[in-house]
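Q: Take this structure first; my questions come after.
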Amino acid sequence: MIDERVCATARGGILYDASRVVKPHDDLFEREHWAAHGALEEVRGGRGSVVILRSGADRWVLRHYRRGGWAANVSRDRYVWTGAQRTRSFAEWRLLAELHRSGLPVPAPIAARYQRRGLTYSGDLITELLPGVHTLAAAIRMGPIGEHVWREVGAAIAKFHRKGVQHVDLNAHNVLVRADERAAAPVYLIDFDRGRLRARGAWERRVLDRLRRSLDKVKRQAPESTFTDADWRVLAAGYDSQLKA
């Protein structure tokens, strides 16, 4: 069970799972700290915003919130302060915690931090690293994906929609599939920044349309990708079947 706690820091606050973090402190979110201890394994993600950490026997994902698009020209990683509970890091941690408690396929949240400076703040989030998975974008570059997996991708998305969970940026990089297609939970969704719970509606179709555009983009950029219209029909069938279950 996730044991939610909050502690204040000199510049902000940390929200954490006390069953996974014994002594929360700012060093948890500093990549230099992990590198100094030989526990920073890998840097990933756009703009170098994601790093893989080793904490004892566990492996974690540390993400620093960075702006994209035109907003990055104004500030790379600062957001307008409207209160601790509305920081992107705390909001995403709490959403992940709720989804994880509900049994939905998401990584467990470990800790979140905000650091305030005047009317702005920056944020960081640590989640568990899911072993043996690839992004859907990477998987379709490596070879054909079985119908079972495409069906499970659709079914997984439908499970979130049945509970009113809106993922605002569902793309081929935010869907994880296990290398072992026989796994009990072969599909996960990640990156719920700005995600929310809301009444069901037309937004569900927009989420699916966004994923389809993302898969088509991967196909255009990487001709070796195996994604086909037939794959999408299997995904859609899995989605529709789960909604009716």
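Q: Mind listing whichever residues of the range 143-185 are hydrophobic (A, V, I, L, M, F, W, C), part of a helix (DSSP H, G or I) and modelled with pLDDT of 95 or more? Before you say what the answer is, go through the steps one by one.
A: Within the range 143-185, the first condition is being hydrophobic (A, V, I, L, M, F, W, C), and the residues that meet it are 145, 149-150, 153, 155-158, 160, 165, 168, 170, 172, 175-177, 179, 183-185.
With the extra rule that they be part of a helix (DSSP H, G or I), the set shrinks to 149-150, 153, 155-158, 160.
Of everything in the range 143-185, those that are hydrophobic (A, V, I, L, M, F, W, C), part of a helix (DSSP H, G or I) and modelled with pLDDT of 95 or more turn out to be 150, 153, 155, 156, 157, 158, 160.
Q: I'm told residue 208 meets every condition in (1) surrounded by fewer than 17 Cβ atoms within 10 Å (Cβ to Cβ); (2) touching a residue at least 24 places away in the same chain (Cβ under 8 Å); (3) out of contact with any Ser or Thr (no Cβ under 8 Å at 6 or more places or on another chain) except one. Can you identify the failing condition by its number?
A: Against the list (1) surrounded by fewer than 17 Cβ atoms within 10 Å (Cβ to Cβ); (2) touching a residue at least 24 places away in the same chain (Cβ under 8 Å); (3) out of contact with any Ser or Thr (no Cβ under 8 Å at 6 or more places or on another chain), residue 208 comes up short only on (1).
Q: Related question: So which of 162, 151 is crowded, with 19+ Cβ neighbours inside 10 Å and in the same structural domain as residue 220 (by TED's automatic domain parsing)? Walk me through how you get there before you give the answer.
A: Values: 162 fails: crowded, with 19+ Cβ neighbours inside 10 Å.
151 is the lone residue from the list that is crowded, with 19+ Cβ neighbours inside 10 Å and in the same structural domain as residue 220 (by TED's automatic domain parsing).
Q: With the requirement that a residue be charged (D, E, K, R) and either assigned to a strand (DSSP E or B) or over 14 Å from residue 128 (Cβ atoms) (or both), what does the range 1-27 give you? Please lay out each step first, then the result.
A: Filtering the range 1-27 for residues charged (D, E, K, R) gives 3-5, 11, 17, 20, 23, 26-27.
If the condition is that a residue be charged (D, E, K, R) and either assigned to a strand (DSSP E or B) or over 14 Å from residue 128 (Cβ atoms) (or both), then 3, 4, 5, 11, 17, 23, 26, 27 are the ones that fit.
Q: What residue, of 168, 175, is over 17 Å from residue 242 (Cβ atoms), in the same structural domain as residue 201 (by TED's automatic domain parsing) and of a type in the set (Val, Ile, Thr)? So that I can check it myself, show each step before the final result.
A: Details: 175 fails: over 17 Å from residue 242 (Cβ atoms).
That would be 168, the only listed residue that is over 17 Å from residue 242 (Cβ atoms), in the same structural domain as residue 201 (by TED's automatic domain parsing) and of a type in the set (Val, Ile, Thr).
Q: Out of 82, 127, I need the residue that is buried (at least 23 other Cβ atoms within 10 Å of the Cβ) and of a type in the set (Val, Ile, Thr). Which one? Before you say what the answer is, go through the steps one by one.
A: Numbers: 82 fails: buried (at least 23 other Cβ atoms within 10 Å of the Cβ).
Residue meeting the stated conditions: 127.
Q: Given the criteria surrounded by fewer than 13 Cβ atoms within 10 Å (Cβ to Cβ) and within 23 Å of the chain's Cα centre (by Cα), does residue 236 qualify? Before you say what the answer is, go through the steps one by one.
A: Working: surrounded by fewer than 13 Cβ atoms within 10 Å (Cβ to Cβ): no; within 23 Å of the chain's Cα centre (by Cα): yes.
In short, no.
Q: Just one of 62, 95, 15, 99 is modelled with pLDDT of 95 or more, surrounded by 19 or more Cβ atoms within 10 Å (Cβ to Cβ) and closer than 19 Å to residue 117 by Cβ; which is it?
A: Details: 62 fails: closer than 19 Å to residue 117 by Cβ; 95 fails: closer than 19 Å to residue 117 by Cβ; 99 fails: closer than 19 Å to residue 117 by Cβ.
Sole residue among the options that is modelled with pLDDT of 95 or more, surrounded by 19 or more Cβ atoms within 10 Å (Cβ to Cβ) and closer than 19 Å to residue 117 by Cβ: 15.
Q: Here's something else I'd like to know. Under 15 Å from residue 186 (Cα atoms) and not assigned by TED's automatic domain parsing to the domain that holds residue 240 - does that describe any residue in the range 82-104?
A: Filtering the range 82-104 down to residues under 15 Å from residue 186 (Cα atoms) leaves 103-104.
Within this subset, residues satisfying the condition of being not assigned by TED's automatic domain parsing to the domain that holds residue 240 are 103-104.
The answer is yes, given that some residue of the range 82-104 is under 15 Å from residue 186 (Cα atoms) and not assigned by TED's automatic domain parsing to the domain that holds residue 240.
Q: So which residues in the range 189-245 are part of a helix (DSSP H, G or I), touching a helix residue (DSSP H, G or I) at 6+ places or on another chain (Cβ under 7 Å) and charged (D, E, K, R)?
A: 204, 212, 231
Q: If I ask for residues that are assigned to a loop (DSSP other than H, G, I, E, B) and of a type outside the set (A, V, I, L, M), which ones from the range 85-137 would you list?
A: Let us first name the residues in the range 85-137 that are assigned to a loop (DSSP other than H, G, I, E, B), namely 87, 102-108, 118-119, 129-132.
If the condition is that a residue be assigned to a loop (DSSP other than H, G, I, E, B) and of a type outside the set (A, V, I, L, M), then 87, 102, 103, 105, 107, 118, 131, 132 are the ones that fit.
Yes or no, residue by residue, for (1) in contact with a His (Cβ under 8 Å, 6 or more places away or on another chain); (2) of a type in the set (Lys, Arg):
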{"position": "146", "(1), (2)": "no, no"}
{"position": "151", "(1), (2)": "no, yes"}
{"position": "156", "(1), (2)": "no, no"}
{"position": "167", "(1), (2)": "no, no"}
{"position": "170", "(1), (2)": "no, no"}
{"position": "179", "(1), (2)": "yes, no"}
{"position": "186", "(1), (2)": "yes, no"}
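Q: If you don't mind, there's one more thing I want to ask. Report every pair of residues separated by at least 6 positions or lying on different chains whose Cβ atoms are under 6 Å apart, first residue within the range 32-61 and within 20 Å of residue 135 (Cα to Cα), second modelled with pLDDT under 90 and among the aliphatic types (A, V, I, L, M).
A: 51/43
The values are calculated or read from the model by the stated rules, or taken from the named source; none is laboratory data. Keep in mind that what you see is a predicted model, and the values were worked out from it rather than measured. Cβ atoms come from the backbone with ideal geometry, glycine included; neighbour counts cover every protein chain shown.
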